[in-house]
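What follows is a short report on a single structure.
Taken together, the values in this text are just the output of simple stated rules run on the coordinates, not laboratory data. Owing to the predicted nature of the structure, the values given are computational and were not obtained by experimental measurement. Cβ coordinates were reconstructed from backbone atoms using ideal geometry, including for glycine residues, and neighbour counts include every protein chain displayed.
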Amino acid sequence: MSSEKDTANVETSEVVEQVETVNESKTASKSIDPSLEGLQFFYEKNKKMITYVGGGLIAVIAAVLFYKLYYMPEKEKEAANELYWAQSYFEKDSFDIALKGGKPVNAVTGTKPMMSLEQIADEYGMTKSGDLANYMAGICYLRTGKFDKAIEFLSKYDGDDQMISSIAVGAIGDANMELNKVDDAINYYLKAADKSSNNFTSPIYLKKAAFAYQLKGKYADALSIYERIRKEYGKTEEGKEIEREIAKVKAMGNL
């Protein structure tokens, strides 16, 4: 009887050991998925670095959101408020005042000196209003005979308004013509004409390019552009008078 009990105890003990072995095996298989074992090993080895990188990424995302959602809108608002005063003088052709600023204006915070277009462009250049200040300053310098400064500021304009972009490029052509840089002027006129194809600016700058070719004695090139105006913009004001220009350039160049 005792022998039977001992045998039963031994068998029970062996069963328990086998169950424990199976459970340990299951636990091990759950704790480390063989397909993820490499990733887990990498994480354990580099978890400090991963934590720093993750924290840094969150900080970058937060900074970008702050810049786009708060900082830039506030700067856009400030720039638009400052540009309002300079633009009012620009539209009245008071170019010196728009460029120099300093006039006392009534702002929300009280009386303050008006910022010049250059100051606005410099301080708020990353905003749409600051970019527009570059264009206005360039036109002011063009109209006041400071052609190099006009080119400098007009070249900085990078707005997405197709009409203003075309005029800015064409105005650089005007400044180059005044500086007797005729080849450069022609290049900018043609670029302005094609930058935003429309019935307002395109025929104007094409006609200016043709006239510049005439000054250089390149009558065939001038004729080619005049004929383009007739074909593409025949119903515009420039197009209605283009036959006269065509006849003139043919006579001048014996074409």
### Selection of GluC sites (Glu not before Pro), the stretch 165-255, meeting DSSP coil and at most 12 other Cβ within 10 Å
Glu241
### Query
Separation between the Met252 and Ser88 pseudo-spin-labels, each 7 Å from Cα along Cα→Cβ, expressed in nm?
4.5
### Task
Within 10 Å, count the other beta carbons around each residue, average over each peptide in 131-143, 104-116, and list them highest first.
131-143, 104-116
### Message
At R0 = 45 Å, how high is the FRET efficiency between Met126 and Glu243 if r is their beta carbon distance? Nearest 0.05 is fine.
### Response
0.40
### Message
As a quick test, which of the pairs Lys146/Lys218; Lys112/Lys195; Lys103/Lys156 have an alpha carbon distance above 32 angstrom in this structure?
### Response
Lys112/Lys195
